[in-house]
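Structure first, commentary second.
The values are calculated or read from the model by the stated rules, or taken from the named source; none is laboratory data. No experiment lies behind these values; they were computed from the predicted model shown. Neighbour counts are summed over all protein chains in view; Cβ atoms, including those assigned to glycine, are modelled from backbone coordinates with ideal geometry. Ligands, DNA and RNA are excluded from the accessible area calculation, which covers all protein heavy atoms including side chains. Shrake-Rupley method; radii C 1.70, N 1.55, O 1.52, S 1.80 Å.
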Amino acid sequence: MSKPQQSIQPGAASVSATGKGHPGGHPHGKKKQKPKDMFGTLFKVWCYLSEYKRSLALILLMVIMSSGLGLLGPYLLGYTIDRIHLPGNYSLLFLLALLAIVYVLGSITQWLQNIWMISIAQKAVYRMRNDLFNSLHRLPVAYFSKRQHGELMSRLTNDIDNVSQTLNSSFIQLSSSILTFTGMLGLMLWLSPLLTLITLTIVPAMFLGMRWITNRTGKYFKEQQRNLGELNGFIEETFSGQKMVKAFSQERQVTEQFEEKGARLRETGYWAQTYSGFIPKLMNMLNNASFAIIAGAGGVMAVNGIITVGVIVTFAEYARQFTRPLNDLANQFNTFLSAVAGAERVFEIIEEEPEAKDEGRARDITEVKGEIEFRNVSFAYEKDVQTVSDVSFYLKPGQTAALVGPTGAGKSTIINLLSRFYDPQNGAILLDGVDVRSLTRSSLRKQMAFVQQDTFLFQTTIRENIRYGRLNASDEEVERAAELANAHNFIRKLPNGYETVLDQDGSGISQGQKQLLTIARAILADPAILILDEATSSIDTVTELRIQDALYRLMEGRTNIVIAHRLNTVRKADVIMVLVEGQILESGSHEELMRQEGYYYELVQSQFDRMSG
């Protein structure tokens, strides 16, 4: 195999899974434009419901029955009133019994449709929430570096909950409203076309009022959901960085920022609720006006023998129900618009461009020697802003390479490219002589282990935190890994040993102990390639010796890449690569670079002067 001009020997390094060190980062390709229309969003929600068509058909049958019984009740009531004065009580008792049966059956059908709809809605939301969570794991690393975690969490919680609450009743309300309105209008025309026309005089006012309100309410609910997401993101960020806030005495600053964001949410929430609150008031006013019209006009018509008193009673009941569909929507209008806005935000993530797919013929890799080669690799996170440029190096299996250089030089970018968090625009990266683009990302990353400066421990037992490196590892293998990482002794001294449950941030143990646990996790993973990213930069000198001893055991027999600013940690590397502005300026062993008295020599001297000063 031909080697590039700069032949290099590897060292241990660590990569930042969050793309640390790059200027923001962008996923491959352009971000897909998402629809923002209400009907488009409702159609997508319907796609989740359509899987349960049979159950929905049964619910629709219950809706038809309850709507029909709801229409039959007022008609029987009016019919019964017109027959109160007639001789004989048997027909009256029969009508009263029939009326009771109608109302009881109506209640039962409504109860059944609600229970069944709740079940379907929860199943649909369950699938939607799973799709959203799975979509998050398919997104590239750059997506998360550009967004607040709290804002994403808001979509998984608040927005999904809004959709769930609305689905529980929206299908029933829509079907019931259409059936009730159509059936009611037909019966009213059959009973008295003239009184029906008089009653319908309120419809134009109802339509204009609803249109005026909805044109103003929709935008406020969208802004309300967006502001709520921003506020949640700020809260999560502030809580995570609480120590930093207190260390720099910025409590007043973050409080003012919180108040500012809360004020925006309050403002949009105020107008959203205010405008939507007009709807039930408008409906009640029109209901009262309709009742007055029916009572007045119906009374005159009854006196003149045109209609009976029973027809007036029936019309009054129908008029009250005539506006009920709009009334129902009015009472839940804020929830409905909020759910639509929330669903749009959910589908934005579900439809977000995922991490670039593996090549069509990409294969899994199971055995790796650890030979790494970069051939004229260039990459830019942003157009015209080159992060690494024409980088070439070669690492033999089992070598240790160190990447050093100023912040932003491209050290973490090289690791991101090797692990295929990004793919280079030019050049090729080979593992054991095979272009990594021909390998599946999942199998490639399984051959790597990362030990980073910022340790991350899960809110579970110490045993399970270590086992995360290889989930099928036995308890004995977990404890053996802890011994090799110099973590076994301190774990045994904890109240519950390996069963000690850690908080999410690992509070209760020191930073050095957290690092030892992450090293044990990497040992258990048994990777072919080890990446260390400033693994000892935040550790005191005594603890650093213990960690370095564990790292040397971990690095043995593997290809290691090390990113370090403290140059005393890279002296033993087989090769040291000095990166400046995305290019390899110098490469060689520590002794070779010191004899050249170039950029690396000046770095070492400046750090020595700072420590001695």
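Residue order by solvent-accessible surface for MET555, MET65 is MET65, MET555, largest first, with ligands and nucleic acids left out and a 1.4 Å probe.
The loop-placed trypsin sites (Lys or Arg not before Pro) in segment 113-203, going by DSSP, that have at most 15 neighbouring Cβ atoms within 10 Å of their Cβ come out as LYS146, ARG147.
Between LEU585 and PHE291, how high is the FRET efficiency from 1/(1 + (r/R0)^6) when r is the Cβ-Cβ distance and R₀ = 56 Å? Nearest 0.05. Plugging the Cβ-Cβ distance into 1/(1 + (r/R0)^6) gives 0.05. The calculated FRET efficiency for the pair TRP190 and LEU93, based on their C-beta separation and a Förster distance of 25 Å, comes to about 0.40. Counting only protein heavy atoms and using a 1.4 Å probe, the accessible area of SER438 comes to about 40 Å². Of interest is the spacing of the C-alpha centroids, which for segment 78-156 and segment 444-500 amounts to 48 Å. Entry comment: accessible area of segment 388-526 is 39 Å² per residue, from protein heavy atoms only and a probe of 1.4 Å. Please report, to two decimal places, log10 I(q)/I(0) for segment 148-293 at q = 0.12, 0.13, 0.14, 0.17 Å⁻¹ as given by the Debye formula with identical point scatterers on the Cα atoms and no solvent. At q = 0.12, 0.13, 0.14, 0.17 Å⁻¹ the computed log10 ratios are -0.72, -0.78, -0.85, -1.06.
Averaging the Cα positions of each part gives two centres, and for segment 581-607 and segment 203-265 these lie 51 Å apart.
What does DSSP give for segment 352-478 in terms of the percent of beta bridges that are antiparallel, rounded to the nearest 5? Kindly include the intermediate steps, with their values, before the conclusion.
Details: 13 of 14 bridges.
Beta bridges within segment 352-478, antiparallel portion: roughly 95 percent.
Qualifying trypsin sites (Lys or Arg not before Pro) in segment 187-228, where qualification requires a DSSP coil assignment and no more than 13 other C-beta atoms within 10 Å, are lacking entirely.
Using a 1.4 angstrom probe on the protein heavy atoms only, could you order PHE374, PHE456 from most to least accessible area? Write down the numbers at each step before the final one.
Working: PHE374 5, PHE456 105 Å².
Output order, biggest surface exposure first: PHE456, PHE374.
The local environment of GLY405, defined by Cβ-Cβ distances under 10 Å, has a net charge of -1 under the rule Lys, Arg +1 and Asp, Glu -1.
Direction-averaged shadow area of the convex hull around the Cα atoms of segment 366-477, nm²?
Numbers: hull surface 36.0 nm².
Its average projected convex-hull area is 9.0 nm².
Taking θ as phi - 60° and the Karplus parameters 6.51, -1.76 and 1.60, the scalar couplings of segment 265-279 work out to 5, 5, 5, 5, x, 4, 6, 4, 6, 5, 5, 5, x, 5, 5 Hz in sequence order, x denoting glycine and proline. In terms of its alpha-carbon gyration tensor, segment 341-388 comes out oblate; a/c meets the 1.5 threshold, while b/c is at least as large as a/b.
For the set MET285, MET188, the ranking by accessible area, highest first and with no ligand, DNA or RNA atoms included, is MET285, MET188 under a 1.4 Å probe.
From the alpha carbon centroid of segment 175-200 to that of segment 379-438 is 72 Å. At the residue level, LEU42 shows approximately 60 square angstrom of accessible surface with a 1.4 angstrom probe and all protein chains present.
How big is the dipole moment of segment 152-301 about its Cα centre under a simple scheme where the beta carbon of each Lys and Arg is +1, that of each Asp and Glu is -1, and everything else is neutral? Debye, nearest 20, please.
Details: 13 positive and 11 negative charges, 51 e Å.
My answer is approximately 240 debye.
Can you work out the accessible area per residue across segment 101-172, with the rest of the protein chains kept in place, probe 1.4 Å, in square angstrom? Numbers along the way, then the final one.
Numbers: 3480 Å² over 72 residues.
With the other protein chains kept in place, segment 101-172 gives 48 Å² per residue.
Under a model in which nothing but the beta-carbon of Lys, Arg (+1) and Asp, Glu (-1) is charged, segment 206-271 shows a dipole of about 300 debye around its Cα centre.
THR461 exposes around 20 Å² of accessible area when a 1.4 Å probe is run over every protein chain in place.
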